[in-house]
Amino acid sequence: MRIGILGDIHGNMEALTAVVAALRKEGVDEWVQVGDLVGYGPEPSACIDLVRELGCHVCLGNHDAAVLGLLDTSYFNNFARAAIHWTCQNLRPSDLDYLRKLQLTVMRPDYTVVHGTLHMPEQFGYVISPVEALDSLALQTTPFCFVGHSHVPAIYLQRSANPRDIEVVYHSEPEVSVKGYQRVLMNVGSVGQPRDEDPRAAYAIVDTLTGIAAIRRVAYDIAGVQRKIRQAGLPEMLANRLSLGV
Ligand code: ZN
């Protein structure tokens, strides 16, 4: 089975369509999305429509929770908070109904999906180093776990239950063979707002037959989404950061 995994989309339809086209070319049997469909970007409804059309297995992100009023936005920075406010005013009732049904964790036979960490999904903490990866891996009962939230890709591999036994592949485009590993935790990066200084959209693909897990990058129409961000009256900084991948 080939699993296509979409990281944080954040209402960036240009990036999402580029990633979906790339994954369709590779061939995907099952689609996953790790939360944060909305927030920051100018086309949250169109992104929700495409994710629904793909039949993605989706979990709840912190920006999704914020537009539902489930999360206090006082810890968001000013730009993020302004975007949440804009998104609340621009979503359709059907979008909110869809987001309201999302769960903090989604479990399938081969994988678990959570936005932040498995050990405290409701806190929306980050997996950015082996420290947090180990806390999540300790609770991981499926071969794979897919997370997002940091917008920075990395793959954490564990051969046994020994907590010190962890290997990490930090790279913009990591590709690994997972054969021989008990658990694999993938931070799949971000479709719509990468922050690892590589502005290309990120996506992940796992082939459970060949045992290859990869995060790939694809160029997309950044100028197009920047235009829409400015037309929507969203903060200028949200447009500028996309060219830099920060
Ligand atoms: Zn995010």
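Counting only DSSP beta bridges with both residues in the stretch 143-217, tell me the antiparallel percent, nearest 5.
Values: 18 of 22 bridges.
Expressed as a percentage, antiparallel bridges in the stretch 143-217 total about 80.
List, in order, the whole-Hz ³J(HN,Hα) value for each residue of the stretch 238-246 obtained from phi through the Karplus relation with A = 6.51, B = -1.76, C = 1.60 and θ = phi - 60°; use x for Gly and Pro.
Running phi through 6.51 cos²θ - 1.76 cosθ + 1.60 with θ = phi - 60° gives 5, 7, 4, 5, 5, 6, 9, x, 10 Hz.
Mean shadow of the chain, computed from the convex hull of its alpha carbons, in nm²?
On the way: hull surface 46.2 nm².
In nm², the orientation-averaged hull projection of the chain is 11.6.
If you consider only alpha-carbon coordinates, what radius of gyration and Dmax does the stretch 58-152 have, in Å?
For the stretch 58-152, the Cα-based Rg and Dmax read 14.3, 40 Å.
Among DSSP bridges having both ends in the stretch 2-244, what percentage is antiparallel? Round to the nearest 5.
Within the stretch 2-244, antiparallel bridges account for around 65 percent of the total.
When all protein chains stay in place, what accessible area (Å², nearest 10, 1.4 Å probe) is found for CYS88?
The accessible area of CYS88 comes to roughly 60 Å².
Could you pull out every one of the aspartates and glutamates with an alpha carbon less than 15 Å from that of LYS25, ignoring same-chain neighbours closer than 8 positions?
Hits, sequence-local ones excluded: ASP207.
Using θ = phi - 60° and the Karplus relation 6.51 cos²θ - 1.76 cosθ + 1.60, list the HN-Hα couplings for the stretch 174-185 in order, rounded to whole Hz, with x at every Gly or Pro.
Residue by residue, the stretch 174-185 yields x, 9, 9, 8, 9, 4, x, 9, 7, 9, 10, 10 Hz.
Which residues make up the longest stretch of the chain clear of trypsin sites (Lys or Arg not before Pro) that lie in a DSSP loop with no more than 13 other Cβ atoms within 10 Å, not counting the sites?
Result, exposed sites excluded: 1-100.
To test your reading of the geometry: what angle, between 0 and 90 degrees and rounded to tens, separates the Cα axis of helix 44-54 from the longest principal axis of the chain?
40
Heavy-atom accessible area per residue, the stretch 191-246, 1.4 Å probe: how many Å²?
Accessible area per residue: 41 Å².
Could you name the aspartates and glutamates in cross-link range of LYS101, using Cα to Cα under 17 Å and dropping any fewer than eight places away on the same chain?
Cα-Cα hits under 17 Å: ASP36, ASP49, GLU53, ASP64, GLU122.
Can you run the Rg to Rh ratio on the stretch 141-246? Use alpha carbon positions and the Kirkwood inverse-distance Rh.
Details: Rg = 16.3 Å, Rh = 14.9 Å.
Reported Rg/Rh, Kirkwood definition of Rh: 1.09.
Could you work out what % of the accessible surface of the chain is carbon and sulfur, using a 1.4 angstrom probe and leaving DNA, RNA and ligands out of the count?
Details: 5300 of 9980 Å².
Its accessible area is 53 percent carbon and sulfur atoms.
Specify the angular offset, from 0 to 90 degrees and rounded to the nearest 10, of the alpha carbon long axis of helix 222-232 from the longest principal axis of the alpha carbons in the chain.
Helix 222-232 and the main axis of the chain meet at about 40 degrees.
The values are calculated or read from the model by the stated rules, or taken from the named source; none is laboratory data. For clarity, every value in this text was computed on a predicted model and none was experimentally measured. Heads up, the Cβs are rebuilt from the backbone with ideal geometry, glycines too, and the neighbour counts pull from every protein chain shown. Remember, those area values only see protein heavy atoms, side chains included, never the ligands or the DNA or RNA. Shrake-Rupley method; radii C 1.70, N 1.55, O 1.52, S 1.80 Å.
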